[in-house]
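The values are calculated or read from the model by the stated rules, or taken from the named source; none is laboratory data. Quantities reported herein were computed from a predicted structural model and do not represent experimental measurements. As a convention, Cβ positions derive from the backbone with ideal geometry for all residues, glycine included, and neighbour counts pool all protein chains shown.
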Amino acid sequence: MKKAVSVLLAAAMTAALVVGCGSGGDKSGGDGGSKSAGNVHVFYYSYSDAYISTVRTALDKQWEDLGIKYTDYDGNGTQQTQTEQVQTALSSGADLLVVNIVETGSDDAANTIINAAKEKDVPVIFFNREVSDEVVNGYDKCAFVGTDAAEAGHMQGDMIGKYLVENFDKVDLNKDGKISYAMFKGQEGNAEANMRTQYSVEDADKVLEQNGKAKLEYYDTSNPNKYQVDQDGQWSAKAAQDYMATALGKYNDASGNMIELVICNNDNMAEGAISALQTVGYNKEGGDKTIPVFGVDATDAAKSLISKGQMVGTIKQDAEGMAKAIATSAQNGLGDKDLLDGMDDYTIDESVAKVRIAYQTYLGEE
């Protein structure tokens with residue numbers, strides 16, 4: 001009875017909800033929207049993120065195929081906006097929340113959402129941007145669907161190391177026997193960013209040392225962190241382009257101190273870095289001057305850059321696989337089942353309700 005009432009409330013308040021949030025889009029799945037199997041509200045940290053947009057497209061299709069009514073929200077990279085959107089959704093009668101949380105640096109935002117959902121007895125599925133085990137274990141109607149944060153870093157490091165072993169002399173532009181790299185971390189405090197930053201370099205170094213090559217060097221000795229972050233937390237192409245343009249102007253000159261490798265923790269930033277490189281004559285299609293660039297996500301734009309020889313490789317996040325797992329878990333929640341019921345085929349953490357979607361290395365079509 002509660003779900004039937006919630007659906008009616010949501011339908012009655014749709015217009016007010018969309019206007020109030022300024023970013024939601026209420027849609028009904030199934031036969032012309034006349035039948036709904038639930039009322040799901042989905043909160044994205046930012047529509048502008050290229051990978052998240054692919055998840056959104058895949059997830060919208062899942063809802064529509066399953067006949068589940070859904071409303072999408074754009075947090076636009078602002079946690080306060082997202083938190084207010086969640087509160088509005090709960091007030092309007094949401095049956096289930098799917099949250100791509102904005103703020104990952106602490107548990108505060110996630111716990112605020114959990115506490116609000118508990119009051120309404122509404123399940124919560126966090127995805128992509130990981131929340132802590134304590135958050136998930138703190139509510140029996142909470143789960144997380146994402147990736148193993150360390151896996152992408154390990155895979156990227158292995159990919160970079162193997163490429164450099166095969167192409168060391170070509171990449172060593174200033175012929176000093178070492179490869180100097182630039183690192184674009186993404187968001188400070190984000191688990192995926194932390195792991196990718198650490199392991200992409202550590203694992204590349206292992207491969208290099210095993211093959212008698214010097215370890216990587218960060219190009220800017222005055223930067224103790226050895227990375228650049230997007231201060232807005234949006235992992236954006238614009239931030240990476242600006243940083244890269246400044247770095248190239250400062251270091252890739254007659255002094256011989258050069259950036260010879262670019263590591264980006266997502267493909268948005270890889271695109272931005274490549275744009276900056278192209279303005280100074282590198283990484284142009286058919287050109288003879290290239291600085292290798294690596295990313296994560298395997299977005300369509302990155303695949304295109306790889307096919308043109310302007311980017312070397314990326315680590316694929318399976319947007320469709322993530323969307324399917326989220327939708328399966330949501331069906332469980334809407335059916336008053338455990339959120340991970342019947343999901344034994346997935347990789348699930350032992351002590352917490354976290355589903356892991358595997359990564360894949362992408363170096364171009366075979």
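TYR282 versus (1) touching a residue at least 12 places away in the same chain (Cβ under 8 Å); (2) in contact with a Lys or Arg (Cβ under 6 Å, 6 or more places away or on another chain); (3) aromatic (Phe, Trp, Tyr): which is the lone unmet condition?
In the conditions (1) touching a residue at least 12 places away in the same chain (Cβ under 8 Å); (2) in contact with a Lys or Arg (Cβ under 6 Å, 6 or more places away or on another chain); (3) aromatic (Phe, Trp, Tyr), TYR282 misses (1) alone.
What are the pairs, 6+ residues apart or on separate chains, where a residue within the stretch 339-366 that is without any contact (Cβ under 8 Å) to a residue 60 or more places away in the chain has its Cβ under 6 Å from a residue that is of a type in the set (Lys, Arg) and in a loop (DSSP other than H, G, I, E, B)?
Close Cβ pairs satisfying both conditions: none exist.
With respect to ALA247, determine if the residue is in the same structural domain as ILE179 (by TED's automatic domain parsing) and either of a type in the set (Val, Ile, Thr) or modelled with pLDDT of 95 or more (or both).
Numbers: in the same structural domain as ILE179 (by TED's automatic domain parsing): yes; either of a type in the set (Val, Ile, Thr) or modelled with pLDDT of 95 or more (or both): no.
When the stated conditions are applied, ALA247 does not pass them.
Anything in the stretch 245-304 that is surrounded by fewer than 18 Cβ atoms within 10 Å (Cβ to Cβ), acidic (Asp, Glu) and touching a Gly at 6+ places or on another chain (Cβ under 8 Å)? List them, or say none.
GLU285
Every residue in the stretch 43-56 that is free of Cβ contacts under 8 Å to residues at least 60 places away in the same chain and not in a strand (DSSP E or B), please. Steps first, answer last, please.
Within the stretch 43-56, the subset free of Cβ contacts under 8 Å to residues at least 60 places away in the same chain is 43-44, 47, 53, 56.
TYR47, SER53, ARG56 - these are the residues of the stretch 43-56 that are free of Cβ contacts under 8 Å to residues at least 60 places away in the same chain and not in a strand (DSSP E or B).
Tell me, please, whether a residue that is out of contact with any Pro (no Cβ under 8 Å at 6 or more places or on another chain), assigned by TED's automatic domain parsing to the domain that holds ASP158 and farther than 25 Å from TYR45 by Cα can be found in the stretch 292-300.
Yes; the residues of the stretch 292-300 include at least one that is out of contact with any Pro (no Cβ under 8 Å at 6 or more places or on another chain), assigned by TED's automatic domain parsing to the domain that holds ASP158 and farther than 25 Å from TYR45 by Cα.
Of everything in the stretch 122-147, what is more than 12 Å from the chain's Cα centre (by Cα) and more than 21 Å from ASP95 (Cβ to Cβ)? Give them in sequence order.
SER132, ASP133, GLU134, ASN137
Regarding ARG196, is this residue among the basic types (Lys, Arg), in a helix (DSSP H, G or I) and within 16 Å of VAL296 (Cα to Cα)?
Taking the combined requirement at face value, the residue satisfies it.
Could you run through the stretch 298-315 and say how many residues are more than 13 Å from ASN268 (Cα to Cα) and among the charged types (D, E, K, R)?
Here the count works out to 1.
Give the residues of the stretch 171-193 that are in a loop (DSSP other than H, G, I, E, B) and touching a residue at least 24 places away in the same chain (Cβ under 8 Å), sorted by residue number. Show your work before the answer.
Filtering the stretch 171-193 down to residues in a loop (DSSP other than H, G, I, E, B) leaves 172-179, 187-190.
The answer is ASP172, LEU173, ASN174, ASP176, GLY177, LYS178, ILE179, GLN187, GLU188, GLY189, ASN190.
Can you find a residue that is in contact with a Pro (Cβ under 9 Å, 6 or more places away or on another chain), surrounded by fewer than 22 Cβ atoms within 10 Å (Cβ to Cβ) and assigned by TED's automatic domain parsing to the domain that holds ASN137 anywhere in the stretch 317-332?
Looking for residues that are in contact with a Pro (Cβ under 9 Å, 6 or more places away or on another chain), surrounded by fewer than 22 Cβ atoms within 10 Å (Cβ to Cβ) and assigned by TED's automatic domain parsing to the domain that holds ASN137, one finds at least one in the stretch 317-332, hence yes.
Looking at LEU90, is it at pLDDT 95 or above, touching a Pro at 6+ places or on another chain (Cβ under 8 Å) and not assigned by TED's automatic domain parsing to the domain that holds SER236?
Here the answer is no, as LEU90 does not meet what is asked.
For ASN266, are the conditions met, namely being under 22 Å from VAL102 (Cβ atoms) and either of a type outside the set (Ser, Thr, Tyr) or in contact with a Cys (Cβ under 7 Å, 6 or more places away or on another chain) (or both)?
Yes.
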